[in-house]
Protein chains: 2
Amino acid sequence: MAGGPEIERLVLLLSKLPGLGPRSARRAALFLLKRRALVMEPLAAAMADAAAKVRPCSRCGNLDTIDLCSLCADSRRDGSIICVVADVADLWAMERSGAFRGQYHVLGGLLSALDGVRPEDLSIGRLAARVPDEAVEEVVLALNATVDGQTTAHYVAERLEPTGVRVSRLAHGVPVGGELDYLDEGTLAAALKARR
Amino acid sequence: MAGGPEIERLVLLLSKLPGLGPRSARRAALFLLKRRALVMEPLAAAMADAAAKVRPCSRCGNLDTIDLCSLCADSRRDGSIICVVADVADLWAMERSGAFRGQYHVLGGLLSALDGVRPEDLSIGRLAARVPDEAVEEVVLALNATVDGQTTAHYVAERLEPTGVRVSRLAHGVPVGGELDYLDEGTLAAALKARR
Ligand SMILES: [Zn+2]
Ligand SMILES: [Zn+2]
């Protein structure tokens, strides 16, 4: 590539980002090279900084620079209710909705026969242990309204049955086949309110 | 944002990249945080590295880690012909076509009444000086087949007239209204061959 191996490597690594193909990676690289001080250097620093500091919370699986994470450590949040999400992206979506003030548990994915994701690949055992440990009264399963999401919800509900905890699911407002992370905040808030 | 200011800052800076909105910036941030060693740290390093080393070539305007750039410094390339492009992205596109073995000149944009880009904002004077200095025999104007591109081509051709250099343009194959950087390599090669 004209411009040497440094630019080539930058383009290659940028093209690994979701949503960026080779062409948009080239555009992004040029965009950065033209905005060295304003964007490129700050972004490089922010990336190195986050890479060095951000870790999964040992309790809930949320990503944060502190452990326990800022949500687990927030005593104003309701510890008697846990919202179970597949991924940190879904936790962020729930937080943007502003409708949930309890604690979270990030499963780390969804059960999937196709992708070979088995129960032991997800943090379901850790969730089951949290229920008695933290005297949790309700677990809200905020999982995608897809086959994998609903299979996972069913499996988690079964695994939690021995604990006697109340298990609810997001209901109203989640479109069939829809993915949580794509929903607007209002729909998420409505779905939470009407959980069953 | 859940996860602290480091993640928030990372998302904010990623959302400045062309083609990434807030949602895809969040996805990209999570993607990176989950691939710390494999993608995030190497990308941060590649960005810092390129930001520190890459500069515009003092002769042609190409971006490279050396000055003169690797193309200007390549004595196997034909110094009697210069290909004029608006942007480094177009230079890269020409190089990918493999059809051009001369030298380049990057204008740094296109004349645009709408965007207020005037002749003195582009490196046209420097191009005019290169023609006698480097005994250039032909200048190929490889500019977008848009109004701005053709206005710029016309203006540059006029400015080069006193030098007596032969001025040609990409012809066959560039779709009307089409942008160079979107063209496939074969079309670019054909357009170059049939230049008029
Ligand atoms: Zn936590
Ligand atoms: Zn050069």
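Structural remarks
- Other-copy label distances relative to A:R77, 7 angstrom Cα-Cβ extension, nm: 5.5
- With a 1.4 angstrom probe, the accessible area lost at the B-A interface totals about 5100 Å².
- Threshold 50 Å² - residues in the stretch B:76-100 whose accessible area is reduced by that much or more when the chain is no longer isolated, probe 1.4 Å: B:W92
- For A:D121, the accessible surface of its heavy atoms amounts to roughly 70 Å² (probe 1.4 Å, protein chains only, rounded to the nearest 10).
- Computed about its Cα centre, the charge dipole of the protein assembly as shown is approximately 0 debye, with only Lys, Arg, Asp and Glu carrying charge at their Cβ.
- A label point on A:R23, set 7 Å along the Cα-to-Cβ line, lies at 2.2 nm from each of its counterparts in the other copies, closest listed first.
- Under 19 Å from the A:A37 label point (7 Å along Cα→beta-carbon), backbone N, the stretch B:5-48: B:48
- Ligands, DNA and RNA left out, the accessible area of the protein assembly as shown computed with a 1.4 Å probe is 53% carbon and sulfur.
- Dipole of chain B computed with +1 at Lys/Arg Cβ and -1 at Asp/Glu Cβ about the Cα centre; of B:Y104, B:T163, B:G19, farthest Cα towards the positive end is B:G19.
- Where labels lie 7 Å past Cα in the beta-carbon direction, separation of A:S80 and B:L68 in nm: 7.8
- Förster-model FRET efficiency, 35 Å R0, B:Y155 and B:R101, C-beta, rounded to 0.05: 0.85
- In the assembly of identical copies, B:A129 has its label point, taken 7 Å from Cα in the direction of the beta carbon, separated from the corresponding points by 7.1 nm (ascending, one decimal).
- Excluding ligands, DNA and RNA, the accessible surface per residue across chain A is 44 Å² with a 1.4 Å probe.
- Total formal charge among the other residues, if their Cβ is under 13 angstrom from that of B:V88, Lys/Arg +1 and Asp/Glu -1: 0
- Of all aspartates and glutamates in the structure, the ones whose alpha carbon falls short of 13 Å from that of B:K193, not counting any fewer than 8 places away in one chain, are B:E185.
- Estimated [θ] at 222 nm from DSSP helical runs (n ≥ 4, -39500 (n - 2.57)) normalised by residues in chain B, nearest 500: -12500 deg cm²/dmol
- Charge dipole magnitude, Cβ of K and R +1, D and E -1 - the stretch A:23-76, Cα centre, debye nearest 20: 480
- Taking the axis that rotates chain B onto chain A, the chain B residue nearest to it by Cβ, with the distance rounded to whole Å, is B:A44, 3.
- Positive minus negative residues near B:D115 (Lys, Arg vs Asp, Glu; Cβ under 11 Å): -1
The values are calculated or read from the model by the stated rules, or taken from the named source; none is laboratory data. Note that the structure is a prediction, hence the values are computed from the model and not measured. Methodologically, a virtual Cβ is constructed for each residue, glycine included, from the backbone with ideal geometry; neighbour enumeration extends over all protein chains shown. Note: accessible area is taken over every heavy atom of the protein model, side chains too, but ligands, DNA and RNA are not part of it. Shrake-Rupley method; radii C 1.70, N 1.55, O 1.52, S 1.80 Å.
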